[in-house]
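This report refers to the structure that appears directly beneath it.
Nothing in this text is a laboratory measurement; each read-out follows from the coordinates by a stated rule. What you see is a predicted model, and the numbers here were worked out from it, not measured in a lab. A quick note on method: Cβ atoms are made from the backbone with ideal geometry, for glycine too, and the neighbour counts reach across all protein chains shown.
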Amino acid sequence: MKTKLTLLFSLGLFTTGTLFAAHHGHGYSDATVAPGGVQTAKSQAAMTPAEGLQRLKDGNERFVSGLATSRDYLEQAKATAGGQYPFAIVLGCVDSRVPVEVVLDQGIGDLFAARVAGNIAPSDVVGSMEFATAAAGAKVILVLGHTACGAVKGAVDGVELGNLTGLLDQIQPAIKATKLMGGEKKTSKNIDYVNRVAHTNVKETMNHILATSEVIAGMVKEGKVVLAGGIYDLESGKVTFVD
């Protein structure tokens with residue numbers, strides 16, 4: 001077995017990502033590209049929303065386990081130059097510690113990525129999601145928040161700074177919906193509270209997407225697209241997915 005694996009690795013036919021998927025039982029259909037491959041029109045069309053979401057979960061498991069897929073990014077760039085067929089769009093925060101392709105272990109051509117402080121969804125971001133799904137065929141929308149979010153901290157403290165003021169105002173619904181516990185104070189120094197607001201903010205963003213986009217709401221209702229949320233832990237690297 002060891003000799004066979006060594007040969008497969010040397011030929012580039014087996015990657016750490018493939019080994020992880022096989023070991024954990026998350027197989028993919030013949031029409032679906034294995035981790036490290038390049039998405040095609042065929043693989044995108046064959047993938048179900050549930051399979052797409054599972055690929056994101058599997059990718060984060062590989063990242064956390066130190067088994068991230070070996071990729072030739074230059075070759076992927078060349079392979080996708082003529083067209084793109086991503087299976088998901090991820091809305092993340094601009095935080096430098098949460099590069100979505102890295103923490104979800106995805107390559108070039110796998111994801112549409114939108115990033116804005118506090119992972120909020122103004123109309124242009126929602127429009128980008130409509131493009132990614134209805135026009136370009138993505139099967140998953142993931143709203144990805146994270147622990148100790150600076151934008152959430154700023155919103156909690158009522159920070160005002162140029163255009164940032166209006167952005168932070170969009171996090172206020174999450175603050176209002178997050179109850180203080182016991183003798184807690186509403187301050188950015190209360191990290192437990194900040195993290196609960198970040199969790200609520202992901203749900204608020206998901207609800208906002210459905211409320212402001214008939215296109216996405218319709219695709220979700222018809223089962224053509226899945227809308228999911230997640231919180232990335234800065235210390236562990238793990239994404240906890242939420243309904």
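Here are a few things to note about the model shown:
- Estimated FRET transfer efficiency (K189, D124; beta-carbon r; R0 41 Å; 0.05): 0.80
- Cα gyration tensor, the chain - rounded (a/c under 1.5), prolate or oblate: prolate
- Sorted by Cβ density within 10 Å, fewest first, the residues M47, M219, M181: M181, M219, M47
- Separation of the alpha carbons by more than 19 angstrom is noted, of K57/K179; K57/K139; K78/K224; K185/K238; K42/K224; K57/K221, for K57/K179; K78/K224; K185/K238; K57/K221.
- Whole-angstrom gap from the range 99-132 to the range 184-243, using each part's C-alpha centre: 13
- Once both labels are positioned 7 Å from their Cα atoms along Cα-to-Cβ, the gap between K203 and A134 label points is 2.8 nm.
- As a rough footprinting exposure proxy, the listed residues H146, H199 were ranked by other beta carbons within 10 Å of their own, and the order from fewest upward is H199, H146.
- Most mobile of D110, D157, D95 in a GNM of the chain (Cα contacts under 10 Å): D157
- Here the gap between D233 and A34, fully extended at 0.36 nm per residue and compared with their Cα-Cα distance, gives a gain of 69.0 nm.
- Considering helices alone, the calculated mean residue ellipticity of the chain at 222 nm is -13000 deg cm²/dmol, with DSSP H runs of length four and up weighted by -39500 (n - 2.57) and normalised per residue.
- Electrostatic bookkeeping for E214 treats Lys and Arg as +1 and Asp and Glu as -1; over the other residues with beta carbon under 13 Å from its beta carbon, the sum is -1.
- The residues T80, T69, when put in order of fewest to most other Cβ atoms within 10 Å, stand as T80, T69.
- Count Lys and Arg as plus one, Asp and Glu as minus one, and take only other residues whose Cβ is under 12 Å from that of L180; the net charge is then +3.
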